[in-house]
1. Can you give the FRET efficiency for ALA204 and ASP246, using 1/(1 + (r/R0)^6), R0 = 22 Å, r = Cβ-Cβ distance, to the nearest 0.05?
2. May I ask you to list the lysines whose Cα is less than 17 Å away from that of LYS172, ignoring any residue fewer than eight positions away on the same chain?
3. Could you give the angle, 0 to 90 degrees to the nearest 10, between helix 151-170's Cα long axis and the longest principal axis of the Cα atoms of the chain?
4. Out of LYS226, LYS206, LYS121, any idea which swings most in a Gaussian network model of the chain, alpha carbons joined below 10 Å?
5. What is the chain's relative contact order, in percent, from Cα pairs under 8 angstrom and six or more apart in sequence?
6. Which of the peptides 51-60, 177-186 is most tightly packed, and how do the rest follow, going by the mean number of other Cβ atoms within 10 Å of each residue?
7. What are the residues whose amide H is under 5 Å from the amide H of VAL178, where those residues sit 5 or more places off or on another chain and H is modelled from the backbone?
8. Ranked highest first by average number of other Cβ atoms within 10 Å, how do 132-140, 28-36, 67-75, 197-205 line up?
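Rule-based calculations on the coordinates, nothing more; no lab input. Everything quoted here is computed from the prediction, not taken from an experiment. When we count neighbours, we look across all protein chains shown, and the Cβ atoms used for this are built from the backbone with ideal geometry, even at glycine.
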Amino acid sequence: MDTTNPLAVVTGASSGIGYELARQFAEHGFDLIVAAEDADVTSAAAALHAPGTHVEAVQADLSTAAGVEALHRAITATRRPVAAAALNAGVGQGGPFLETDLADELEIIDLNITSTVHLAKRLLPAMVEDGEGRMLITSSIASTMPGSFQAVYNASKSFLQSFAQALQNELKDTGVTVTSLMPGPTETEFFERADMLDTKVGRADKDDPAQVAAQGFEAMMAGKDKVVAGSWKTKAQGLAHRVLPDGVKAQVHRGMAEPGSGGDG
């Protein structure tokens with residue numbers, strides 16, 4: 001990467017919000033390292049490439065420590081400082097906790113939580129040493145409510161929200177900012193992968209990932225602590241969740257995420 005462009009890293013970048021975040025970086029003059037588990041990350045990198053912009057794809061399973069370390073080696077091999085990192089890789093699983101597969105639930109923890117902590121631990125020290133840098137952590141509006149029928153997923157996002165807010169405080173005098181991106185239901189492959197197409201939320205209209213990413217990128221570049229990103233409906237939901245009791249929010253979530261709640265059509 002023989003270039004004067006700043007370098008950004010985006011995980012979960014092969015599709016959805018992650019791809020759109022990478023596109024925001026590319027359009028704003030960043031070189032990119034984009035990572036994802038699937039081979040589509042290579043075609044995503046090709047689509048993001050533009051004259052004067054270098055995009056490198058890293059196919060790695062970030063739910064494993066080896067995958068995170070492989071990505072970090074690719075980053076350090078550039079011998080360039082990371083100006084910005086969007087830690088976006090994540091996965092979900094719907095269904096009753098007593099019936100879901102343990103391996104699926106542990107993958108949520110490994111990818112959503114463990115890989116985010118691992119990669120943040122690798123990237124933030126150098127940013128702090130340089131006295132500058134921006135990190136965006138994809139939490140969710142789900143972090144604000146108990147996730148009936150998505151118990152582990154919502155809990156993982158609550159962890160990320162708390163983690164991001166703690167880092168914001170720890171790093172407030174370092175020149176490094178940490179922003180939490182909190183989307184609502186977004187038009188991605190998430191609900192299909194989470195086996196939630198028969199739920200009310202799975203069948204409902206969803207936000208545009210490009211809109212979510214643009215709002216997230218803007219908030220990160222402005223150094224904001226967090227942003228509830230998406231439509232006015234999602235933003236209103238974020239405001240409501242500040243005052244509703246947890247028991248009420250859990251029941252509301254049940255109505256949206258319980259298997260079969262989507263009806264027949």
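1. Numbers: r = 22 Å, r/R0 = 1.02.
Efficiency, from the Cβ-Cβ distance: 0.45.
2. List returned: LYS121, LYS224, LYS226.
3. Once rounded, one gets 40 degrees.
4. Among LYS226, LYS206, LYS121, the largest mean-square fluctuation in the Gaussian network model of the chain belongs to LYS121.
5. Details: 538 pairs, mean separation 50.1, N = 265.
Relative CO of the chain lands at 19 percent.
6. Details: 51-60: 17.4, 177-186: 25.8.
Ranked from most to least packed, the peptides come out as 177-186, 51-60.
7. MET135
8. Details: 132-140: 24.4, 28-36: 22.9, 67-75: 18.7, 197-205: 16.0.
Sorting 132-140, 28-36, 67-75, 197-205 by mean packing, highest first, produces 132-140, 28-36, 67-75, 197-205.
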